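Notes for the one structure printed next.
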Amino acid sequence: QVHLVESGGGLVQPGGSLRLSCAASGSIDTIDTMGWYRQAPGKQRELVAVITSRGSTNYAHSVKGRFAISRDNAKNTVSLQMNSLKPEDTAVYYCNGLLRTSATMPPMSYWGQGTQVTVSS
C-alpha cells in the first residue's frame with residue numbers, strides 16, 4: 001500500500017508565497033516522476049510541475065518563473081515553492097507519484113488527497 005500526503009496549503013494574499021510538501025510512504029521500490037497538479041472549481045485537473053528522479057523539471061506555462069519544484073529522493077518527498085501567487089492559482093493541489101512497488105511491477109500513478117490553496121485579498 002502506498003500513501004502520498006500533502007501539506008502546506010492555505011490562504012494567502014495576492015503576491016504572497018506558499019510552500020507545498022508531499023511525502024510518499026509505504027511499499028515503494030522506486031519513484032520515477034513526482035509532480036503537482038491542480039484543479040479549480042468547474043475546471044479539469046491540470047499539470048502544474050513535474051520532476052524526474054534525475055531532477056529534470058517541466059512546468060505549466062502559467063507558473064513558469066513563479067513556482068519551483070524540488071524533490072528529495074532519499075526521503076521520497078517533493079515540494080512546490082509558489083511565489084508571486086495570483087488569484088487564478090486558487091485550486092486544490094494534488095501530489096502525484098509515478099512509482100513501482102517492486103522491481104518486477106510496472107510503474108503506477110498514485111495521488112494524494114489534495115490540499116487547498118486560496119489566493120485572495
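The values are calculated or read from the model by the stated rules, or taken from the named source; none is laboratory data. All values derive from a computational prediction rather than experimental measurement. Here the Cβ positions follow ideal geometry from the backbone for every residue, glycine too, while neighbour counts run over all protein chains shown. Side chains are part of the model used for accessible areas, which takes the heavy atoms of the whole protein and leaves out ligands, DNA and RNA. Shrake-Rupley method; radii C 1.70, N 1.55, O 1.52, S 1.80 Å.
Selection of region 5-27 for residues being over 17 Å from the mean Cα position of the chain (by Cα) and outside any strand (DSSP E or B) yields Gln13, Pro14, Gly15, Gly16, Ser27. Candidates in region 82-121 are the residues that are open to solvent by 50 Å² or more (accessible area, probe 1.4 Å) and under 14 Å from the mean Cα position of the chain (by Cα); of these, the one that is nearest to Leu20 (Cα to Cα) is Gln116. Going by the conditions given, is Ala49 aliphatic (A, V, I, L, M), more than 12 Å from Val117 (Cβ to Cβ) and either touching a Leu at 6+ places or on another chain (Cβ under 7 Å) or surrounded by fewer than 17 Cβ atoms within 10 Å (Cβ to Cβ) (or both)? Judged against the criteria, Ala49 is a match. Applying the set (1) at pLDDT below 95; (2) surrounded by 12 or more Cβ atoms within 10 Å (Cβ to Cβ) to Pro41 leaves exactly one unmet item: (2).
Residues satisfying the criterion are present in region 3-21 (criterion: open to solvent by 60 Å² or more (accessible area, probe 1.4 Å), among the hydrophobic types (A, V, I, L, M, F, W, C) and closer than 14 Å to Gly114 by Cα). For Val12, the conditions (1) touching a Gly at 6+ places or on another chain (Cβ under 8 Å); (2) among the β-branched types (Val, Ile, Thr); (3) touching a residue at least 40 places away in the same chain (Cβ under 8 Å) are fulfilled apart from (1).
This table checks each residue for (1) within 25 Å of Thr101 (Cβ to Cβ); (2) in contact with a helix residue (DSSP H, G or I) (Cβ under 8 Å, 6 or more places away or on another chain); (3) among the β-branched types (Val, Ile, Thr); (4) in contact (Cβ under 8 Å) with a residue 60 or more places away in the chain.
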| residue | (1), (2), (3), (4) |
| --- | --- |
| Val5 | yes, no, yes, yes |
| Gly8 | no, no, no, yes |
| Thr33 | yes, no, yes, yes |
| Glu46 | no, no, no, no |
| Ile51 | yes, no, yes, no |
| Asn58 | yes, no, no, no |
| Asp72 | yes, no, no, no |
| Ser79 | yes, no, no, yes |
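Which condition breaks for Asp72 when tested against (1) under 23 Å from Ser120 (Cβ atoms); (2) surrounded by fewer than 14 Cβ atoms within 10 Å (Cβ to Cβ); (3) under 14 Å from the mean Cα position of the chain (by Cα); (4) not β-branched (Val, Ile, Thr)? It is condition (1) that Asp72 fails.
Taken together, the residues in region 88-107 that are closer than 12 Å to Asp32 by Cα and polar (S, T, N, Q) amount to 2.
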